[in-house]
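These notes concern the structure reproduced below.
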């Protein structure tokens with residue numbers, strides 16, 4: 001699919017969009033990158049910016065200087081930006097997806113009446129099933145995004161999606177939810193286990209299930225899904241609306257990866273999936289990239305000459321040590337190490353070039369000497385990818 005061109009930087013991309021969805025495999029810095037993008041947008045663009053994360057770790061809340069995160073957004077204190085040396089033009093808010101609470105809210109919204117909603121919420125299977133079936137976590141993340149966007153409170157929402165083994169999981173979750181509510185499988189589950197009108201095709205299912213699970217368990221399942229099916233029209237309509245939002249021209253996707261083999265392969269799958277499905281791929285962010293000075297041709301020539309004949313440099317540096325041979329060995333090792341890193345850096349540059357075919361913006365982030373553990377660190381990372 002041919003993607004519209006014209007975005008020259010992360011800064012311009014975020015200025016033009018209302019929703020930024022970051023995606024990628026686990027362990028590549030996706031949550032940190034999402035928070036950095038949101039922090040930079042609040043600091044530079046102004047307005048109200050929300051970062052919605054699904055990462056249960058407390059490190060993001062700690063880095064942003066807020067207390068425990070949940071479905072209700074909390075504002076990052078303006079003083080935190082001032083203390084970090086970057087007074088913000090706008091506001092930064094943060095929230096963490098609460099899957100159970102979000103499902104409860106969805107049930108209350110789509111149930112035909114309060115009594116049905118209460119029966120679903122009180123059903124002993126509800127808590128277990130709602131957290132596990134039909135890509136529940138992926139779907140509810142997109143559902144929560146839809147709600148927040150419709151509220152119109154925020155000028156920009158940055159979403160940190162859950163790491164998944166399948167690049168399409170969160171993209172396809174709304175469609176699969178809609179398909180589930182119109183599936184034959186759901187119709188079988190909602191047929192009473194002992195009903196005389198159970199179809200011939202479903203009898204084998206109930207016969208085996210009754211032996212293995214027991215009739216009471218089957219009745220519980222039938223009751224739960226019968227109640228759940230009362231919400232089908234609203235769920236299907238809402239799932240389709242969520243799908244449209246994900247493809248809207250106000251929404252863009254940022255793939256986050258490192259240049260290690262496994263994450264890079266996963267990033268390639270994400271890029272292919274996003275573009276093939278008609279979503280807008282805005283940028284690729286590559287974390288922990290080797291520094292650009294390793295690509296300097298002159299530096300490579302110096303390292304090559306030093307590795308080949310370190311004697312002159314060794315003689316100059318040996319003054320005071322009295323061991324010219326030892327200095328030469330150290331210089332040779334340093335030079336050869338530089339040349340090895342240069343080969344890796346050149347390979348990384350080629351990989352970045354390949355990724356640039358899919359999107360105009362490929363933003364490399366160098367290794368940081370220390371972990372990112374506060375707002376100042378997030379803004380430092382953000383500055384690396386901003387322009």
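In the condition set (1) surrounded by 13 or more Cβ atoms within 10 Å (Cβ to Cβ); (2) assigned by TED's automatic domain parsing to the domain that holds residue 28; (3) farther than 30 Å from residue 17 by Cβ, residue 257 is compliant with all but (3). Assess whether residue 76 counts as being closer than 30 Å to residue 359 by Cα, at pLDDT below 95, in the same structural domain as residue 259 (by TED's automatic domain parsing) and surrounded by 20 or more Cβ atoms within 10 Å (Cβ to Cβ). So residue 76 does not fit the description; no. Of all the listed residues (147, 160, 155), the sole one being buried (at least 20 other Cβ atoms within 10 Å of the Cβ), modelled with pLDDT of 75 or more and under 27 Å from the mean Cα position of the chain (by Cα) is 160.
The residue list 232, 273 contains one member that is at pLDDT 65 or above and under 30 Å from residue 350 (Cα atoms), which is 273.
So, residue 53, is that one modelled with pLDDT under 90, assigned by TED's automatic domain parsing to the domain that holds residue 140, closer than 20 Å to residue 251 by Cα and surrounded by 22 or more Cβ atoms within 10 Å (Cβ to Cβ) or not? Considered against the rule, which asks whether it is modelled with pLDDT under 90, assigned by TED's automatic domain parsing to the domain that holds residue 140, closer than 20 Å to residue 251 by Cα and surrounded by 22 or more Cβ atoms within 10 Å (Cβ to Cβ), residue 53 comes out as yes. Only residues that are within 23 Å of residue 142 (Cα to Cα) and part of a loop (DSSP other than H, G, I, E, B) were counted in the range 77-120, giving 4.
A quick yes/no check of all residues on (1) surrounded by 13 or more Cβ atoms within 10 Å (Cβ to Cβ); (2) in contact with a strand residue (DSSP E or B) (Cβ under 6 Å, 6 or more places away or on another chain):
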{"position": "261", "(1), (2)": "no, no"}
{"position": "268", "(1), (2)": "yes, no"}
{"position": "281", "(1), (2)": "yes, yes"}
{"position": "286", "(1), (2)": "yes, yes"}
{"position": "289", "(1), (2)": "yes, yes"}
{"position": "300", "(1), (2)": "yes, no"}
{"position": "305", "(1), (2)": "yes, no"}
{"position": "314", "(1), (2)": "yes, no"}
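Scan the range 92-102 for residues that are buried (at least 16 other Cβ atoms within 10 Å of the Cβ) and out of contact with any helix residue (DSSP H, G or I) (no Cβ under 6 Å at 6 or more places or on another chain) and the total you get is 4.
If you go through the range 103-121 and keep only what is closer than 15 Å to residue 233 by Cβ, more than 29 Å from the chain's Cα centre (by Cα) and surrounded by fewer than 16 Cβ atoms within 10 Å (Cβ to Cβ), you end up with 112, 113.
A Cβ distance below 6 Å, combined with a sequence gap of six or more or placement on separate chains, defines the contacts here; from the range 284-312, residues that are on the phi > 0 side of the Ramachandran plot reach residues that are surrounded by 14 or more Cβ atoms within 10 Å (Cβ to Cβ) and outside any loop (DSSP other than H, G, I, E, B) in the pairs 288/258.
When the residues of the range 350-380 are narrowed to those that are in contact with a strand residue (DSSP E or B) (Cβ under 9 Å, 6 or more places away or on another chain) and in a helix (DSSP H, G or I), which ends up farthest from residue 298 (Cα to Cα)? If you could, list the steps in order and put the result at the bottom.
So in the range 350-380, the residues in contact with a strand residue (DSSP E or B) (Cβ under 9 Å, 6 or more places away or on another chain) come out as 351-353, 355-356, 358-368, 375.
Right, trim to in a helix (DSSP H, G or I) and you get 351-353, 355, 375.
On the way: 351: 22, 352: 22, 353: 22, 355: 27, 375: 37 Å.
Among those that are in contact with a strand residue (DSSP E or B) (Cβ under 9 Å, 6 or more places away or on another chain) and in a helix (DSSP H, G or I), it is 375.
Residue 60 - would you say it is surrounded by 19 or more Cβ atoms within 10 Å (Cβ to Cβ), outside any loop (DSSP other than H, G, I, E, B) and modelled with pLDDT of 85 or more? In short, no.
The single condition among (1) over 30 Å from residue 115 (Cβ atoms); (2) buried (at least 18 other Cβ atoms within 10 Å of the Cβ) that residue 248 does not meet is (2).
Within the range 342-352, not a single residue is at negative phi, touching a helix residue (DSSP H, G or I) at 6+ places or on another chain (Cβ under 9 Å) and at pLDDT 85 or above.
In this structure, is residue 42 crowded, with 22+ Cβ neighbours inside 10 Å, outside any strand (DSSP E or B), in contact with a strand residue (DSSP E or B) (Cβ under 9 Å, 6 or more places away or on another chain) and assigned by TED's automatic domain parsing to the domain that holds residue 376? Here the answer is yes, as residue 42 does meet what is asked.
The values are calculated or read from the model by the stated rules, or taken from the named source; none is laboratory data. Quick caveat, the model's predicted, so the values are computed rather than measured. Note that we place each Cβ from the backbone using ideal geometry, even for glycine, and neighbour counts take in every protein chain shown.
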